[in-house]
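Here's the structure we're looking at; comments come further down.
The values are calculated or read from the model by the stated rules, or taken from the named source; none is laboratory data. Only a predicted model underlies this, so the values are computations on that prediction, with no experimental measurement involved. Glycine also receives a Cβ, built like all others from the backbone with ideal geometry; neighbour counts cover every protein chain displayed. Heavy atoms of the whole protein, side chains included, go into the accessibility calculation; ligands, DNA and RNA do not. Shrake-Rupley method; radii C 1.70, N 1.55, O 1.52, S 1.80 Å.
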Amino acid sequence: TEIAIALAAYKRERGRYPIKLADLTPKFLKEIPLDSFTERNLIYKKADKGYTLYSIGPNLEDNGGISSEDAEDWNYDLVVRVPTKREPEP
């Protein structure tokens, strides 16, 4: 959550998301929080209009940013995606 808020503040100020999370320090975050499951860096992937930020989650496997909404089993990551995936309109 801290990182998502810092990413929003960065975008508001600079008009775009950063290339890497390290660009958030020290102005937007004192330090980048680590993935609480691995004590390693969270995974951040900048996209054209947003980003995907995720933790590998409790299964300790990188499932490529697949969220629990998209997974068919317990193989999912804890994901923040901007813009969010939207359901197609009927």
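Here the simple spin-label model places points 7 Å from the Cα toward Cβ, and for Arg81 and Asp62 these points are separated by 1.8 nm.
3J(HN,Hα) along the range 32-39, derived from phi through the Karplus expression 6.51 cos²θ - 1.76 cosθ + 1.60 where θ = phi - 60°, amounts to 7, x, 8, 5, 5, 7, 10, 6 Hz, with x in place of Gly and Pro. Residue separation of Phe37 and Asp70 scaled by 0.36 nm, minus their Cα-Cα distance, works out to 9.8 nm of gained length.
Karplus-based coupling profile of the range 58-65, in residue order and whole Hz: x, 7, 6, 10, 7, 9, x, x, with θ = phi - 60° in 6.51 cos²θ - 1.76 cosθ + 1.60 and x standing for Gly or Pro.
In terms of its C-alpha gyration tensor, the chain has an oblate overall shape, because the principal axis ratio a/c (a ≥ b ≥ c, square roots of the eigenvalues) is not below 1.5 and a/b does not outweigh b/c.
Each helix, a run of at least 4 DSSP H residues, gives -39500 (n - 2.57); summed and divided by the residues of the chain, these come to -4500 deg cm²/dmol at 222 nm. Solvent-accessible area per residue in the chain equals 74 Å², computed with a 1.4 angstrom probe and all protein chains kept. Is the range 1-40 rounded, prolate or oblate when judged by the Cα gyration tensor, a ≥ b ≥ c being the square roots of its eigenvalues, rounded requiring a/c under 1.5 and prolate requiring a/b larger than b/c? Taking the square roots of the gyration eigenvalues as a ≥ b ≥ c, the range 1-40 is prolate. Pairs of Cα atoms nearer than 8 Å and 6+ residues apart set the relative contact order; for the chain it is 19 percent.
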